[in-house]
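The values are calculated or read from the model by the stated rules, or taken from the named source; none is laboratory data. All of these numbers come straight from a predicted model, not from anything done at the bench. Cβ placement follows ideal geometry from the backbone for every residue including glycine, while neighbour counts extend to all protein chains displayed. In case anyone asks, the SASA skips ligands and DNA or RNA and just uses the protein heavy atoms, side chains included. Shrake-Rupley method; radii C 1.70, N 1.55, O 1.52, S 1.80 Å.
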Amino acid sequence: MTATRLGLLALLFGLSGAGALVAETVWLRWLRELLGATAPAASATLLAFFAGNALGAILAGRRAASWRRPLRAYALIEAAAAVAALAVPLLLAAGATRLDGAYDSLRSDPASLAAARFAVALLATLPAATLYGAAFPALGAAALGTSERLGVGGSGLYSVNLLGAAVGAALGAFWLPGWLGVPGSYGVAVALTAAAALGALVLARSEAPRQVSTDPTTEALATRALFGPGVVAAISGFGTLATQVLAVQALAQVLNQSVYAFGTVLVVVLLALAGGAVGAAALGRRPGSAAGRIGAAMVASALCLVAFPSVFFALTDGLAFSGSGAPWPAYLLECLGVAALTAGPLFLAGGFLFPLCFAWASERAPDASAGSLIGRLLAANTAGAMLAAVAAPYFLLPSFGLWGAFVAVAVTYAMAAFGMSDPTPTRRSLRIGALAGGWALVFTSASPLEVPFVQLGPGETAREALATPSGIVAVVERAGERLIRTDNHYSLGGTSEIVHQERQGHVPMLLHPTARSVVHAGSASGISAGALLAHNAERIRLVEIVPEVALAGARHFAEANRGVHRDPRVEVVLDDAHNYLAHTDERFDVVIADLFVPWRSGTGALYSREHFEAVRERLEPGGLFCQWLPLYQLGAEELHVILATFLDVFPTAGLFRGDFYGRFPIVAFVGWKGEPAPAAAVDAAIAALQARGETDRWVTDRAGFWSLYAGALGPLAPSLTQTPRNTRARPILEYLAGRHHQGGGVGLARPYVGVAWQRFTDGVRTASLLGDPLYPDLDIEAKRALAGGAALQMAGALWTEGREDEAARAVAVAASLLPAHLLAEAPADPTAAELWPD
């Protein structure tokens, strides 16, 4: 085959790699929406995808030697993959229907639910994944013929495919869903695969039929000769994916966990693996033992892995990296730089292993079909990756911790390096000496087992810290306060904010005085949910996506959360909130959604039209949905998108404050399925709550409660007609928020707080000047309280911007409108406002 023709085939394989990765990113998104964003659901998705790849590699590897026109076979495989990819959404829809009927019976048994999810993912993706897995053996048979050129040619083809995959990962993570939407992105994936098929069909027109060997001895010898390379390929697959799982966990401690942050990790991994394949191809052109080179690559991988924790800790300033705060896309480039600098060497060293297996297999079976060897090695490599998809998150992390898991993978490589032979005993001795010396140097100078994986500030101690499949979960104490912190970034409430957090449970329950059944989505420490026990709820579901967070809430916060996890009225549901509400058959009076970080990968679905529709479907007639929002984590553009999407589903809606802060306010969009309870009924519920001994004046005093009400949202709908909606097909929120948030402690470029937010709430009030559509029966006292709350919010907004004289005047206005026992003569309440009357 000419160099030009081989180059064209490599280019087609690059297109194939790009198409496969874009398709895979869309599958992960679809399956996350269907099966939940839980760690078990993600593992089920990976296992299903790898199972198809392995099956395709095995089938194609067995057939490769018998193809007279292997290039035409490759073209037909790519064409069939494009067609099978089109069937995936249809198969997923069928699986969703079957899962709906069985969900409630399965969710009490996590193992059975995981098995059902795996079955859905497997059946939906198996045909297309199998064909994707068959492509490399088929192309290898067409481009290389026998295994004579497998070491150089196979590594070269593999590197181009990985480069294409890196481009596909970047397209799928950074641009396509935001530009074209998810269906459009999937269309690009199918088009790229179809383009590879079409190009191969054109080239196949001039393909001459090949002589097919009928000697079974050659393939039998190849099977025996592949034992060593196959074992190494499996170790490579295991080590590469296990390292990727662990690197994602490590980088999650310093990056903002947006779709962009996760995309950078995948792109860096693929580019580094491609670099390793290029290096392996270059080595193949020089004389030397492939087995010896594999041993050296294993030593390098083991040393990189064991050194990684200390190097990573040092390069990220003790896990404190948060970016420079430069506007988009500078943060994306910083993420790429951090990932490349810290994790890049790991994958570059490991990237030599699998391609070097091609050269070793070629040495041991020089007359075998290249396609046959590639298929078997690829199947072994994928089998190792399947094992890692389960072992890394569910065994290595819980058993050894984050940094100990890196050491465990390093031990795997080290043991394999000891077992590798070398024609030159001196080189083997040098290799083992380098491994032992490097290992000793790392452990004596900067032991990975002594590197902390939880960043603690001055005066902080970790009461408990767990490395889990979902991330690092730590219970941290500081100055008498206890809180849950995940991945070093996100604090899930704390015991110093009990009253403020409980208000998030009280407000929606007071707005539905007769509520008996409640869902609290996002239980965290359980403090907000604990407030539900003070009302008349008889059936409460606490939905928490991270099991260890629920466990921490029950174990360390029982006094603060009223023992909510052990209350007989409460059931803890360990699942993704959208998945639960979309699939359960239960109905509820109230659904409360916690403060979800908008830029975190997967969280945007909880602000989508489909999620809001699922919530409405689960509400009883007259039920309400309360979506709490962290304004300090949202820009104006993001909030308007959420509001427009919310009002499409809940046109009867109101805006309530959780406090009067100027800098870190939270608010709630409350939507009703029907008409709200009359103001008089709400007043009665407030009095009843006070009679039960609750002490938060903002929910036990009538004026205090109505001061939290900002107005009806429905009248704003006409002004939002041109605002884009956040949907599964167009997940614009996670891209907007991800671009606006620079990570770590830097925060949003344009948070919707202060005077800007106050102007918005003034617009809400103005829209209802002719009469409040939600509460037309509000009396003068309640309306004065509403105005007083607006003035107190304005005071905080002005104070935040340094306009202290104006803030003082706004506080005086609030004091003139609100009862003296609530504000002017009451002690300061730091759970409600930063500014208080003198």
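Across segment 740-759, the qualifying residues are those that are surrounded by fewer than 19 Cβ atoms within 10 Å (Cβ to Cβ) and at pLDDT 85 or above, and the one among them that is nearest to the chain's Cα centre (by Cα) is ALA756. Residues that are surrounded by fewer than 24 Cβ atoms within 10 Å (Cβ to Cβ) and touching a Gly at 6+ places or on another chain (Cβ under 7 Å) within segment 242-255 comprise GLN249, ALA252, listed in sequence order.
Within segment 552-566, residues that are farther than 17 Å from ARG539 by Cβ sit with their Cβ atoms under 8 Å from residues that are among the acidic types (Asp, Glu) and surrounded by 20 or more Cβ atoms within 10 Å (Cβ to Cβ), at 6+ positions apart or across chains, in these pairs: GLY553/GLU544. Each residue in segment 496-539 was checked for being assigned to a helix (DSSP H, G or I), under 17 Å from LEU619 (Cβ atoms) and out of contact with any helix residue (DSSP H, G or I) (no Cβ under 8 Å at 6 or more places or on another chain), and 1 of them qualify. Listed by first and then second residue, the pairs with beta-carbon distance under 7 Å, at least 6 apart or on different chains, first residue in segment 489-515 and open to solvent by 50 Å² or more (accessible area, probe 1.4 Å), second charged (D, E, K, R), are SER491/ARG485; SER496/GLU481; VAL499/ASP696. In this structure, does SER369 turn out to be over 33 Å from the mean Cα position of the chain (by Cα), open to solvent by 10 Å² or more (accessible area, probe 1.4 Å) and either at pLDDT 90 or above or at positive phi (or both)? So SER369 fails the test. Residues that are open to solvent by less than 10 Å² (accessible area, probe 1.4 Å) and within 16 Å of GLY658 (Cβ to Cβ): does segment 798-809 have at least one? No, segment 798-809 contains no residue that is open to solvent by less than 10 Å² (accessible area, probe 1.4 Å) and within 16 Å of GLY658 (Cβ to Cβ).
Kindly indicate whether any position in segment 405-428 is over 27 Å from GLY275 (Cα atoms), open to solvent by 10 Å² or more (accessible area, probe 1.4 Å) and part of a helix (DSSP H, G or I). Yes, because at least one residue in segment 405-428 is over 27 Å from GLY275 (Cα atoms), open to solvent by 10 Å² or more (accessible area, probe 1.4 Å) and part of a helix (DSSP H, G or I).
The numbered conditions (1) crowded, with 23+ Cβ neighbours inside 10 Å; (2) without any contact (Cβ under 8 Å) to a residue 12 or more places away in the chain are all true for ALA20 except (2). Filtering segment 145-164 to residues that are touching a Ser or Thr at 6+ places or on another chain (Cβ under 9 Å) and of a type outside the set (Val, Ile, Thr) leaves GLY145, SER147, GLU148, ARG149, LEU150, GLY151, GLY154, ASN161, GLY164. For segment 657-686, the set of residues classified as surrounded by fewer than 20 Cβ atoms within 10 Å (Cβ to Cβ) and either aromatic (Phe, Trp, Tyr) or at positive phi (or both) consists of PHE664, GLY674, listed by residue number. Selection of helices (runs of 4 or more DSSP H) fully inside segment 559-654 by the criterion of at least 1 residues being within 30 Å of GLU694 (Cα to Cα) and at pLDDT 95 or above returns 609-618.
Condition check ((1) open to solvent by 40 Å² or more (accessible area, probe 1.4 Å); (2) more than 22 Å from LEU198 (Cβ to Cβ)) across all residues:
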residue: SER43; (1), (2): no, yes
residue: LEU47; (1), (2): no, yes
residue: PHE50; (1), (2): no, yes
residue: GLY61; (1), (2): no, yes
residue: TRP67; (1), (2): yes, no
residue: VAL88; (1), (2): no, no
residue: ALA94; (1), (2): yes, yes
residue: TYR103; (1), (2): no, yes
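Kindly evaluate ALA737 against the criterion of being in a helix (DSSP H, G or I), at pLDDT 85 or above and buried (at least 19 other Cβ atoms within 10 Å of the Cβ).
For ALA737, the condition - in a helix (DSSP H, G or I), at pLDDT 85 or above and buried (at least 19 other Cβ atoms within 10 Å of the Cβ) - is met.
Of all the residues in segment 503-537, those that are over 22 Å from ALA679 (Cβ atoms) and within 28 Å of the chain's Cα centre (by Cα) number 12. Pairs under 9 Å by beta carbon, first residue farther than 22 Å from GLU613 by Cα and small (Gly, Ala, Ser) in segment 632-652, partner open to solvent by 10 Å² or more (accessible area, probe 1.4 Å) and part of a helix (DSSP H, G or I), six or more apart or different chains? These pairs meet every condition: GLY635/LEU736; GLY635/HIS740; ALA636/ALA756; ALA636/PHE760.
Here VAL473 fits the description: buried (at least 17 other Cβ atoms within 10 Å of the Cβ), in contact with a Ser or Thr (Cβ under 6 Å, 6 or more places away or on another chain) and within 16 Å of LEU402 (Cα to Cα).
Within the bounds of segment 300-320, is there any residue that is open to solvent by 10 Å² or more (accessible area, probe 1.4 Å), within 18 Å of ALA261 (Cβ to Cβ) and small (Gly, Ala, Ser)? Yes, segment 300-320 contains a residue that is open to solvent by 10 Å² or more (accessible area, probe 1.4 Å), within 18 Å of ALA261 (Cβ to Cβ) and small (Gly, Ala, Ser).
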